[in-house]
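The values are calculated or read from the model by the stated rules, or taken from the named source; none is laboratory data. These figures come from a predicted structure and were not determined experimentally. All Cβ positions, even for glycine, are placed from backbone atoms using ideal geometry, and neighbour counts span all protein chains on display.
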Amino acid sequence: MSSRLEHLHQKLDEKELDAILVSTPENRRYVSGFTGSAGYLLVSRDDATLATDFRYIEQAGNQAPDFQVVKMGGDWSWLRDLVKARGHKRLGFESQHVTVATYRQMSEVLKDIPSEERPTLMATSGIVEGLRTVKDPEELALLQRAIDASDAAMELITPTIRPGETELEVAWRLEVAMREAGADSLSFDTIVAAGPNGAMPHHQPSDRAIAEGEPIVIDMGAKVGGYCSDITRTVCIGEPDETFRRVYDTVLGSQLTAIATVRAGMTAGEADALSRDVIAEAGHGDNFGHSLGHGVGLFIHEYPRVGPKSESPLEVGMVFTVEPGIYLSGWGGVRIEDVVLLREDGAAVLSKAKK
């Protein structure tokens, strides 16, 4: 946590901020180690404070030893008192998380500070999220445990799916299997989309019975120690039709091409094109409507965004998904997704479940 604080100090210098108020739960956890559901971090070059309510005071002291813990009440007086005592003049806040109502409450309580001493609230975005893109060894270990849990569930359950079983029944069995394989919880609601439902990338499982010969898109993830996994496989019970074979081969080829050729220093948009071009050449460019991938970590969708036109550079140590798909209305879809770690020599696939 000390090194993460130091990296945040560097960002404050770059942004010319005296301090930043961290409110996003994942960012709060990343910087401090505190896992409680309520609280704020106030971080400056010289001070690191964790404000939380009575329920979490002892927990905060145990989990965030690098932080001074203060108890907050029902208003923002704690923030006013701290910034006044420390003389902060440029106070950043996470604009992607702070609501208009919260901003107004903060602004109102800061009016108690004389105008010549009053800090200016500065909207920021992506500061801590940017630090989270490159994973350290501890994070990679937790990510791998989460990936292993979802891999194990996928390998265990998919061979046992039978005609007549509903999407909801399969989803429940997958969720139980992830828990039994070591997951603390789920990264997101499990997707099981059979037949025409597979044409909807984020279909919610239903009572629809699964039939032989149709594609079944399964997208799921486990969470271990706060870190998420994300995996998609497309399977078929019995004999697939010719459309399935053709579409599946195209998607798999596009995914393997991207995994084999992505390199640090590329932009995220260039990485997306590695896969998208293969699908377009097969005549399905209009049927691949989402990005190639996204970062995974404390949140299921985080930086980097690996999509068209993204100019963000990919760096060694980044972890992201590679998940091309083709979706045909009335027939279904095929998506194949793995989590990869970008190394000096290219992408290392962390997901191991069979394709």
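Within the stretch 256-268, residues that are touching a residue at least 12 places away in the same chain (Cβ under 8 Å) and of a type in the set (Ser, Thr, Tyr) sit with their Cβ atoms under 9 Å from residues that are assigned to a helix (DSSP H, G or I) and crowded, with 17+ Cβ neighbours inside 10 Å, at 6+ positions apart or across chains, in these pairs: 257/274; 257/275; 257/278; 261/271; 261/274.
What number of residues within the stretch 223-245 are in a loop (DSSP other than H, G, I, E, B), among the hydrophobic types (A, V, I, L, M, F, W, C) and under 23 Å from residue 30 (Cα atoms)?
The total comes to 0.
For residue 109, the conditions (1) aliphatic (A, V, I, L, M); (2) closer than 29 Å to residue 225 by Cβ; (3) part of a helix (DSSP H, G or I); (4) touching a helix residue (DSSP H, G or I) at 6+ places or on another chain (Cβ under 6 Å) all hold with the exception of (2). Determine whether residue 316 is closer than 21 Å to residue 145 by Cβ, among the aliphatic types (A, V, I, L, M), in contact (Cβ under 8 Å) with a residue 40 or more places away in the chain and out of contact with any His (no Cβ under 9 Å at 6 or more places or on another chain). Answer is no for this residue.
So which strands (runs of 3 or more DSSP E) stay within the stretch 267-327 end to end and still have 1 or more residues that are aliphatic (A, V, I, L, M), in the same structural domain as residue 146 (by TED's automatic domain parsing) and closer than 19 Å to residue 138 by Cα? Break it down into steps so the answer makes sense when it comes.
On the way: elements: 293-295, 302-306, 319-322.
Per the criteria, 319-322.
Only one entry of 158, 166 meets the criterion of being within 19 Å of residue 195 (Cα to Cα) and in contact (Cβ under 8 Å) with a residue 60 or more places away in the chain, and that entry is 158. Based on what the data block shows, is residue 162 among the basic types (Lys, Arg) and either buried (at least 22 other Cβ atoms within 10 Å of the Cβ) or more than 22 Å from residue 327 (Cα to Cα) (or both)? Taking the combined requirement at face value, the residue satisfies it.
The set of residues in the stretch 181-215 being out of contact with any Asp or Glu (no Cβ under 8 Å at 6 or more places or on another chain) and assigned to a strand (DSSP E or B) consists of 185, 215.
When the stretch 289-316 is filtered for residues that are β-branched (Val, Ile, Thr) and more than 14 Å from the chain's Cα centre (by Cα), only 316 remains.
For the stretch 325-351, the set of residues classified as touching a residue at least 12 places away in the same chain (Cβ under 8 Å), farther than 30 Å from residue 27 by Cβ and not small (Gly, Ala, Ser) consists of 326, 327, 328, 331, 334, 336, listed by residue number.
Any chance the stretch 28-49 includes a residue that's in contact (Cβ under 8 Å) with a residue 60 or more places away in the chain, crowded, with 21+ Cβ neighbours inside 10 Å, under 22 Å from residue 77 (Cβ atoms) and more than 22 Å from the chain's Cα centre (by Cα)? No - not one qualifying residue is present in the stretch 28-49. Looking only at the stretch 54-70, which residues are in contact (Cβ under 8 Å) with a residue 12 or more places away in the chain and in contact with a strand residue (DSSP E or B) (Cβ under 7 Å, 6 or more places away or on another chain)? Matches in the stretch 54-70: 54, 57, 60, 64, 66, 67, 68, 69, 70. For the stretch 317-346, a residue qualifies if it is over 18 Å from the mean Cα position of the chain (by Cα) and buried (at least 21 other Cβ atoms within 10 Å of the Cβ), and the qualifying residues are 325, 326, 327, 332, 333, 334, 335.
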